[in-house]
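Take a look at the structure below.
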Amino acid sequence: MRKHERAGQTQFLMNTASNTPQKRILTGDRPTGRLHLGHYAGSLVNRVKLQNDYETYILLADVQALTDNYERPETLQAHIREVVLDYLAVGLDPKRCAFVVQSLVPEIAELTIYYLNLVTLARVERNPTVKTEIKQKFGHEVPMGFVCYPVSQCADITAFGAHLVPVGDDQKPMIELTREIVGRFNQYYGETLVLPEGMYAEVSRLPGIDGQAKMSKSLNNAIYLSDDADTLKKKVMSMYTDPQRIRGTEPGNVEGNPVFTYLDAFHPNTALIDELKERYRQGGADEKGKPLMGDVVVKRELIDCLNSLLDPIRTRRAEFEKDDAYLWDVISDGTRRGRARAGEVMEAVRSAMKLNYPVKL
Ligand code: TRP
């Protein structure tokens with residue numbers, strides 16, 4: 001969808017070669033803040049590619065975000081806006097991807113209720129996230145919404161009849177649970193639901209700038225797609241490197257050094273990076289005693305590389321930011337398309353469960 005072209009109902013595309021309908025993809029994000037480089041490397045790049053070959057639904061999972069943010073619902077709206085700005089900025093095309101607001105698709109809540117009959121408490125307690133939170137924090141005082149969120153995620157996936165779910169490895173338990181629930185549903189009520197498959201991208205998780213395994217908002221160690229050049233520079237300059245290397249003249253470690261992990265992930269010139277790594281490993285000083293390959297040199301290379309990656313994204317984001325009406329049009333259109341699809345699935349589910357009463361309301 002081009003800017004200023006108002007969003008209308010969009011027909012989904014057909015695969016030209018086979019002239020068969022495209023398979024459907026469903027994926028989603030919790031709208032809890034702006035998206036960062038970890039999201040970019042881990043999912044956005046992949047989604048931009050996939051959107052050409054699949055009918056794509058991207059869920060703005062506000063209901064799921066509420067399961068651990070229910071005291072602050074007022075933040076969700078702003079976050080949905082930020083996330084969709086990031087989507088558009090990286091090149092997700094709202095004609096190809098429906099951006100769907102989860103809370104505006106009541107079919108998902110309805111499906112969740114039916115699925116709850118098909119799962120035991122013991123089973124959801126085996127979900128790693130639920131298990132850890134119960135053990136470390138809540139005990140029996142755990143909110144039911146939180147315990148049930150894996151079931152709600154099964155409803156997210158099945159509500160759109162998704163064939164494929166492109167996600168990170170951390171979402172594997174949800175996909176497995178979904179497949180179990182779908183199997184059980186189809187067994188009790190007849191073949192109705194599509195059995196979805198996880199699609200796991202071969203990307204390693206990006207560490208935080210502090211060297212922790214994961215880049216995340218809550219750890220305050222993320223570089224955002226919307227960070228300006230100054231912020232980016234400060235963050236990279238403060239990055240954790242090789243803690244063993246006290247002076248830049250000492251031999252340094254490249255493995256597990258997040259500056260090099262980022263360079264590997266984003267720098268287009270691998271030969272140059274190999275050379276930097278070699279010199280970093282060697283260490284050594286020039287005739288004045290200055291390091292031949294200090295952290296600052298490597299960090300400058302990373303700053304340049306990230307600026308070239310982020311500049312076009314920043315420019316597009318700034319464009320879209322100027323037109324709020326367009327942004328909400330895109331969200332309305334995507335949600336409308338999502339609801340239409342979920343309505344079809346819901347009808348099939350109701351008739352399979354014999355809930356299709358001949359009443360007029
Ligand atoms: N649980 C996902 C996350 O935390 C977000 C999400 C919600 C999702 N519903 C989904 C992902 C359905 C894939 C499919 O990132």
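The values are calculated or read from the model by the stated rules, or taken from the named source; none is laboratory data. Treat the numbers as computed from the prediction; the structure is a model and nothing was measured. Glycine also receives a Cβ, built like all others from the backbone with ideal geometry; neighbour counts cover every protein chain displayed.
So the values come out like this:
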| read-out | value |
| --- | --- |
| Helices (runs of 4 or more DSSP H) enclosed by region 103-145 - at least 2 residues per element that are under 23 Å from the mean Cα position of the chain (by Cα), under 24 Å from P73 (Cβ atoms) and without any contact (Cβ under 8 Å) to a residue 60 or more places away in the chain | 106-116, 128-133 |
| Tally, over region 106-150, of residues that are small (G, A, S) and within 14 Å of the ligand (Cβ to nearest atom) | 2 |
| Some residue of region 259-273 being part of a loop (DSSP other than H, G, I, E, B), farther than 23 Å from H36 by Cβ and of a type in the set (S, T, Y) | no |
| Sole residue being free of Cβ contacts under 8 Å to residues at least 12 places away in the same chain, outside any strand (DSSP E or B) and of a type in the set (D, E), chosen from D242, D329, D304, D333 | D304 |
| Within region 21-41, tally of residues that are more than 10 Å from the ligand (Cβ to nearest atom) and either of a type in the set (V, I, T) or touching a Leu at 6+ places or on another chain (Cβ under 8 Å) (or both) | 10 |
| From G91, G28, G42, residue being at pLDDT below 95 and out of contact with any His (no Cβ under 7 Å at 6 or more places or on another chain) | G42 |
| Matching residues, region 206-236, being over 19 Å from L310 (Cα atoms) and either surrounded by 13 or more Cβ atoms within 10 Å (Cβ to Cβ) or not small (G, A, S) (or both) | D210, G211, Q212, K214, L219, N220 |
| Matching entry among D311, D304, D274, D295 (being within 24 Å of the chain's Cα centre (by Cα) and acidic (D, E)) | D311 |
| Flag if I181 is part of a loop (DSSP other than H, G, I, E, B) and either surrounded by 18 or more Cβ atoms within 10 Å (Cβ to Cβ) or modelled with pLDDT of 95 or more (or both) | no |
| Residue pairs meeting the criteria (Cβ under 9 Å; at least 6 apart or on separate chains; first at pLDDT 95 or above, in region 49-66; second part of a strand (DSSP E or B) and among the aromatic types (F, W, Y)) | Y57/F99; I58/F99; L59/F99; L60/F99 |
| Residue list for region 96-111, filter: farther than 17 Å from L60 by Cα and either touching a strand residue (DSSP E or B) at 6+ places or on another chain (Cβ under 8 Å) or surrounded by fewer than 22 Cβ atoms within 10 Å (Cβ to Cβ) (or both) | E110 |
| Subset of region 151-177 [hydrophobic (A, V, I, L, M, F, W, C) and near the ligand (Cβ under 10 Å from one of its atoms)] | C154, A155, I157, A159, F160, A162, V165, V167, M174, I175 |
